[in-house]
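Before any comments, here is the structure.
The values are calculated or read from the model by the stated rules, or taken from the named source; none is laboratory data. Nothing here was measured: the structure is a model prediction, and the numbers come from that model. Cβ placement follows ideal geometry from the backbone for every residue including glycine, while neighbour counts extend to all protein chains displayed. Only protein heavy atoms, including side chains, enter the accessible area calculation; ligands, DNA and RNA are left aside. Shrake-Rupley method; radii C 1.70, N 1.55, O 1.52, S 1.80 Å.
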Amino acid sequence: MKYKLILSISKSLLLARWKQTLVAAIGVTFSITMFITLLSFMSGLNDMLDNLIINRTPHVRLYNEIQPSKIQPIDNYSQYKNYHNFVSSIKPKNERLEIYNNAAIIKALKKDIRVLGIAPKITAQVIYNVGAIDITGVINGIDVEAENKLFFFKDYVTTGNYIDLKNTPNSIILGKGAADKMLANIGDVIQVTTTKGDRMQLKVVGYFQSGLQDLDKVQSYASITTAQKLMGESNSFITDIQIKLKDMRSAPVIAIEYQKLFEVEAIDIQTANSQFETGSSVRTIISYAVGVTLLIVAGFGIYNILNMMIYEKMDSIAILKATGFSGKDVNRIFITIALSIGIFGGSMGLIFGFGLSNVIDQIPFNTAALPTIKTFPINYNPKFYMIGSIFSLVTTYFAGYFPSRKASKIDPVIIIRGK
Amino acid sequence: MNEIILEAKAISKSFHDPITVQVLKEISFSMHKGDFVSVIGKSGCGKSTLLYILSTMDTDYEGDLLIDNVPMRNKKEAELAKVRNEKIGFVFQFHYLLNEFSVLRNVMLPGLKLGIHSEKEVEERAYQKLKILGIENEAFKKPNQLSGGQKQRVAIARALINNPLIIMGDEPTGNLDKKNSEIVFNIFQELAEVYNQSLLIVTHDNEFAAQTHRIIEMEDGKIIKM
Ligand SMILES: Nc1ncnc2c1ncn2[C@@H]1O[C@H](COP(=O)(O)OP(=O)(O)OP(=O)(O)O)[C@@H](O)[C@H]1O
Ligand SMILES: [Mg+2]
C-alpha cells in the first residue's frame, strides 16, 4: 500500500517532466546498448582468436622427448653417492619417440572422470617429393573420429570430406599451403619420404586450412594406420596422447600429475599458449572499461536531471513534508524516479544491444585465414546482459542517491517562509 | 469543558543569523477541542514562527509543546511527520497544491499516506470534503486551472482529509480578495460550528478575528492578550 503511493507520486513527477526523463533514459539506453554490443563483439572476436588455438590444442598432451638421461651411470655407483660428479659431453641415448604401454595409459585415462576425451596421434617428420624438389613437412596420424569430436577436425577440412581419410586407405589431407606449393589436386597421388628413408604413395582426399598460414604450409593429416605404415611401425605405435579435460583450468595440475604417473612428458595448454591468454584478457579489460565509462557518463546525466527536478520541485517537497510525508518517503520517491529511469533505459538498452549485436552478426566477414567464419563473430553471453542490467541499476541508484538525500533534507519551513 | 488538545509551555525561539534575536519569548497557552482561535499582531511579531513550531515543522525551540497531551520534544523526524499527517491540517497563505496531480488526488495524498483506509474510501472521503467546500465540480481539474479562491478551498479540503485534531492556518485569506476571504472564513466558521473542528488561524484581518471564539494578540514575541 505504502509503496504503491510512493510509486504513484514518483510516476506523476516523472511524467510531468517526461522530456527530461526521456533524455536521461536515452542516455542509459545508449550506454547499455554500446556496452552490450561492444562486449558481445569483442568477446566474439576473442573467442574466435582463442578458438583458433584452443579448439585445436589439447588441454594436456603426453609425449616423449629425446633428451639425455637425467641419471648417469656414475650416479648409481654407491661409492660416489655423496660426491659432485662432473660428466661432460653427454649425448641423448637412442630413445624412441613412442609412448610405451600406451594402451594401458589410454585405458587409465578413459577411467579418469576429469577427462572429456582422448585422441591418440602420431607426428611424423616427412619430406614431400614434388618432382625434383623436396619440401619438408609433418604428417599427423590421427584417429579421425576422435580428432573430429575433440578438435572439430571437420571444420578445417575446406575441400573434400574428412571421413575419406579413414575410409580410403593410404590417403592424406594436405595443408592448403602445402597443396598449393605442390600443385596437388584432389585425387592426385603424392609421394613422401620419411626421415628413415622409406617412401610411400598417398592419395590426396582433401585440403586442410587451420587459419595459421605457417602451419598450413607444413602440416598434413593421415589416418593413424597410414602413419604407422609410413613409419614402418606396429599398430600399437603412437607418439602423442592428446587429452581434453572437462575443466580446462585444471590442466596445469593434471599435467604434472600425469607426468609422474605415466612417466612421460606432459604439457598443458596454458604453458603452451600463454600469450593468447594475455591478449584476450587485455581486450576484455578494454571493452569493460569503455562500457563502464559510458555508463558512468549516463549516470552523471541522471544525476543532473534529478538535481534539476528537485530544484524545481522544492515547493512540492515542502508540501509533502508539511502534510505528513517523512524525509524517508521523499528520499524513496526520488530514488524510485532514478531507478525507473535506470530500469526503463536499461531494459531498452538490453533490447537494442541485442538488436545491434544481431545486425553485426549478419555482416559478412570472409577471410582466408578463418575458413569457418562467415560473418562477424558475436558472443551472446547472458553474462553481459546480467552485468549490463546490474550496472545500469547500480549507476542510476548512485546517481539518484545524492539528489534524493538532498531532497529528503529540505526544510519545509524555509521553503514556505521563502514565498 | 472539552479536553485540551494543544498546549504550549514557555516556548521561546531565537534566530542567530545575522545576529541573535529572540523572536518568541516564553509563549504559553492552550487550546481545547472545538476552539476557534485567531492570532493577531503586527507584522514581524512572530506569528508565523510560532505557527511553524506548533505545527511541528520547526523543531528548533526551547520550551515544550504537547499535542493531544503527547510531548513533541525528542520525537524523530518521521514520528513528527506522522503527527502532522494524522493530527494537523495546515492551510498556507499560498495554496501550495501539487500541479502534477488532479484536485481530487491532491486532497487524497495525505489520506493515502495515512494508509488506514483503502484508496477507494479515501477517494470517496476526498470527494465529500470537496463537496462541503462546494468545489466538487473541479475535482478532476489540475490545480493550475483553478482560481485563487478555489485553490485555497482545495487546500482546506486537503487539510480536512484525515479529520485532524486541529487545523492551522497562516493567513489563509491573506492572498484573496474580499469576496473569497469571506467564503473561506464562512467555511472555517461552518467547520467550527457544525463539525466542532478546532482551528488556529493567524490573520491580519481584525474583522475576521472578531468573529472567532478567542483572539490571541501578540507583540514582540509575547502574548499580550488572550
Ligand atoms: N530565518 C530567519 N532568520 C532570521 N530572522 C528571522 C527568520 N525568519 C524570521 N525572522 C525574524 O523573526 C521575526 C518574526 O517573523 P515572523 O515571520 O514570525 O513574523 P510574522 O508575525 O509572521 O509577520 P507577518 O505578519 O509579516 O507574517 C521577524 O522579525 C523576522 O525578521
Ligand atoms: Mg507571517
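Descriptive notes on the structure:
- Candidate set: region A:1-54, residues that are open to solvent by 50 Å² or more (accessible area, probe 1.4 Å) and within 22 Å of the chain's Cα centre (by Cα); chosen: the one nearest to the other protein chains (Cβ to nearest Cβ): A:M34
- Residue match in region A:76-83 (condition: under 33 Å from the mean Cα position of the chain (by Cα), open to solvent by less than 90 Å² (accessible area, probe 1.4 Å) and either without any contact (Cβ under 8 Å) to a residue 40 or more places away in the chain or more than 14 Å from chain B (Cβ to nearest Cβ) (or both)): no
- Those helices (runs of 4 or more DSSP H) lying entirely in region B:47-162 with at least 2 residues within 10 Å of chain A (Cβ to nearest Cβ) and without any contact (Cβ under 8 Å) to a residue 24 or more places away in the chain: B:77-87, B:103-114
- Residue check, B:V39 within 14 Å of chain A (Cβ to nearest Cβ), within 16 Å of ligand 2 (Cβ to nearest atom) and surrounded by 15 or more Cβ atoms within 10 Å (Cβ to Cβ): no
- The single residue among A:S280, A:S326 that is over 13 Å from A:V28 (Cβ atoms) and away from chain B (no Cβ under 14 Å) turns out to be A:S280.
- Condition check for A:A103: farther than 26 Å from A:N55 by Cβ, open to solvent by 40 Å² or more (accessible area, probe 1.4 Å) and touching a residue at least 60 places away in the same chain (Cβ under 8 Å): yes
- Listed conditions (1) within 16 Å of ligand 2 (Cβ to nearest atom); (2) touching a Lys or Arg at 6+ places or on another chain (Cβ under 7 Å) are all met by B:G46, apart from (2).
- Here B:S12 fits the description: away from ligand 2 (no atom under 13 Å from the Cβ) and outside any helix (DSSP H, G or I).
- Test: residue in region A:335-346 that is in a helix (DSSP H, G or I) and within 14 Å of chain B (Cβ to nearest Cβ): yes
- Test: residue in region A:168-189 that is assigned to a helix (DSSP H, G or I) and over 29 Å from A:T367 (Cα atoms): no
- Qualifying residues in region A:320-351 (those that are within 32 Å of the chain's Cα centre (by Cα) and crowded, with 22+ Cβ neighbours inside 10 Å) - the one farthest from B:R105 (Cα to Cα): A:G349
- Hits in region A:378-395 - residues which are open to solvent by less than 50 Å² (accessible area, probe 1.4 Å) and under 14 Å from A:L38 (Cβ atoms): A:I378, A:N379, A:N381, A:F384, A:Y385, A:I387, A:G388
- For region B:171-200, a tally of residues being in contact (Cβ under 8 Å) with a residue 60 or more places away in the chain and within 16 Å of ligand 2 (Cβ to nearest atom) returns 5.
- Among residues of region B:183-207, those that are under 16 Å from the mean Cα position of the chain (by Cα), under 20 Å from B:L50 (Cβ atoms) and not in a strand (DSSP E or B), counted: 3
- Within region B:201-226, residues that are under 17 Å from B:D35 (Cβ atoms) sit with their Cβ atoms under 6 Å from residues that are of a type in the set (A, V, I, L, M) and open to solvent by 60 Å² or more (accessible area, probe 1.4 Å), at 6+ positions apart or across chains, in these pairs: B:A209/B:I215; B:I216/B:M226; B:E217/B:I224.
- For region A:392-419, the tally of residues that are within 13 Å of chain B (Cβ to nearest Cβ) and not in a loop (DSSP other than H, G, I, E, B) stands at 9.
- Filter result (within 16 Å of ligand 1 (Cβ to nearest atom), among the β-branched types (V, I, T) and crowded, with 21+ Cβ neighbours inside 10 Å) within region B:179-222: B:I201, B:V202, B:T203, B:I216
- Where a residue in region A:135-158 is open to solvent by 10 Å² or more (accessible area, probe 1.4 Å) and its partner, wherever it lies, is of a type in the set (S, T, Y), with Cβ under 6 Å and at least six apart: A:I135/A:Y128; A:K154/A:Y162; A:D155/A:T372; A:Y156/A:S210; A:T158/A:Y207
- Residue check for B:M168: within 16 Å of ligand 2 (Cβ to nearest atom) and either within 14 Å of chain A (Cβ to nearest Cβ) or in contact (Cβ under 8 Å) with a residue 40 or more places away in the chain (or both): yes
- Among the conditions (1) within 16 Å of ligand 2 (Cβ to nearest atom); (2) open to solvent by less than 10 Å² (accessible area, probe 1.4 Å), the only one that B:I5 does not satisfy is (1).
- Residue, nearest to A:F151 (Cα to Cα), within region A:191-234, restricted to residues that are hydrophobic (A, V, I, L, M, F, W, C) and under 32 Å from the mean Cα position of the chain (by Cα): A:F208
- Within region A:106-134, the residues that satisfy the criterion of being free of Cβ contacts under 8 Å to residues at least 12 places away in the same chain and within 28 Å of A:S171 (Cβ to Cβ) are A:K110, A:G131, A:A132, A:I133.
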